[in-house]
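Read the structure below first, then the notes.
The values are calculated or read from the model by the stated rules, or taken from the named source; none is laboratory data. Everything numeric in this text was worked out from a predicted model, so none of it was measured. Backbone-built Cβ (ideal geometry, glycine too); neighbour counts: all protein chains shown.
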Amino acid sequence: MKRFFLHFGFWFVYTLQATLLEMVWMEPLLHKFTQWQQWWISLHIIMVLNIPKILLAYYLMYVTVNRVLNEKGSLRKNIGMAALMCVLAVLLYRVIFNHYVIPYAIYDLAPQKKLLDISRTLLAVMDIGFAAGVAVAIRLGRIQLAGKDREKKLLREKHATELKYLRNQTNPHFLFNTLNNIYALARKKSEDTPDVVMKLSKLLRFMLYESNKDFIPLTEEIRMLDDYLELEKIRYSDRLTITFYKELDAETQMVAPLLLLPFVENAFKHGVSETRFDSYVHIALTLKKGMLTFTIENTKEDNGKDKVTDSIGLSNVRRQLELMYAHHTLDVYNQPNTFKVHLTINLNNHANLALYHSGR
């Protein structure tokens, strides 16, 4: 129905403007009629002359254009058929004009002797060509816009699928690291093992229900980080110092889930766990007017390697940042005894991805 009204609107507007032009063009022949009669005579003429224009326009739009775009038949054949239809439309136009418009629409004028008079045939070509050309141009424009919309939709779906995969990859990666922690405590027959299992259960509950959402409040992400840090404190006890500074100006600010956890995991897996002496993890998180600043620094052993190598978690979060937040900076500093990450994100400028998660 929408398409019908769009087409009707196009031909309605075209007919009105063509009628006005026809009144001006035919004024010398219609001077004996009133202005209102001139209007109806001109409208009558345009209506009957629209027949070949409409036939040609719809043939070009829905036969020629579709066949060329879908590569049906050779290009030469399609162009030849379009040219033949143009010729037939011009002939029909001249027949209608010569044997109907002149003797009937303009009242009792004698038909022209030459059906294909050069000047009048050229006028017919221009008249038909303008109407059909505009219609085809609009059709091609709509096809191009629809193609761009489909391309954008496919790109969004591709990014959404990739983002879902990255998030699903984070879960087993986190579980693997945490189970290693529990295994280490169990081997020591630590009394803290039950508490660790309970905290792990709480974290997994978060991942099961919250990580499937597109966005969660930043306060929930921080709460999950606090739980993870508590878990690590149990494992490393006195030889680890953890500080977590937070300053938020809006607790309702939304953020993509599990975006900060990989940085914290990395600090323990590739820093603290490989350090033989007292170590620390310092974290600072601030939010001001939608701008998130996250800094994490941890001690590490001097292994003589200054080159930064991404773990699964860091590579994963880099890609998530690229997909979700165009305006962000991520700087990694690998010093002999410390490893530092500095992240800034404009949380108000995020990608609008249509995510489809299982169970939603």
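Some observations on this one:
- Hey, residue 22 of a type in the set (Asp, Glu), free of Cβ contacts under 8 Å to residues at least 24 places away in the same chain and either out of contact with any strand residue (DSSP E or B) (no Cβ under 7 Å at 6 or more places or on another chain) or over 23 Å from residue 128 (Cβ atoms) (or both) or not: no
- Any chance residue 288 is within 18 Å of residue 329 (Cα to Cα), surrounded by fewer than 21 Cβ atoms within 10 Å (Cβ to Cβ), assigned by TED's automatic domain parsing to the domain that holds residue 316 and not aliphatic (A, V, I, L, M): yes
- Of the residues making up the range 98-107, not a single one is at negative phi, assigned by TED's automatic domain parsing to the domain that holds residue 31 and modelled with pLDDT of 85 or more.
- Of the numbered criteria (1) at pLDDT below 90; (2) closer than 15 Å to residue 132 by Cα; (3) of a type outside the set (Lys, Arg), the one residue 14 fails is (1).
- Of the residues in the range 321-331, not one is surrounded by fewer than 19 Cβ atoms within 10 Å (Cβ to Cβ), at pLDDT below 80, part of a loop (DSSP other than H, G, I, E, B) and not aliphatic (A, V, I, L, M).
- Hits in the range 26-40 - residues which are modelled with pLDDT under 85 and surrounded by 14 or more Cβ atoms within 10 Å (Cβ to Cβ): 26, 29, 30, 33, 38
- Residue list for the range 203-225, restricted to those being of a type in the set (D, E, K, R) and either touching a strand residue (DSSP E or B) at 6+ places or on another chain (Cβ under 7 Å) or assigned to a strand (DSSP E or B) (or both): 210, 221
- Residue among 259, 231, 200 that is assigned to a loop (DSSP other than H, G, I, E, B) and buried (at least 19 other Cβ atoms within 10 Å of the Cβ): 259
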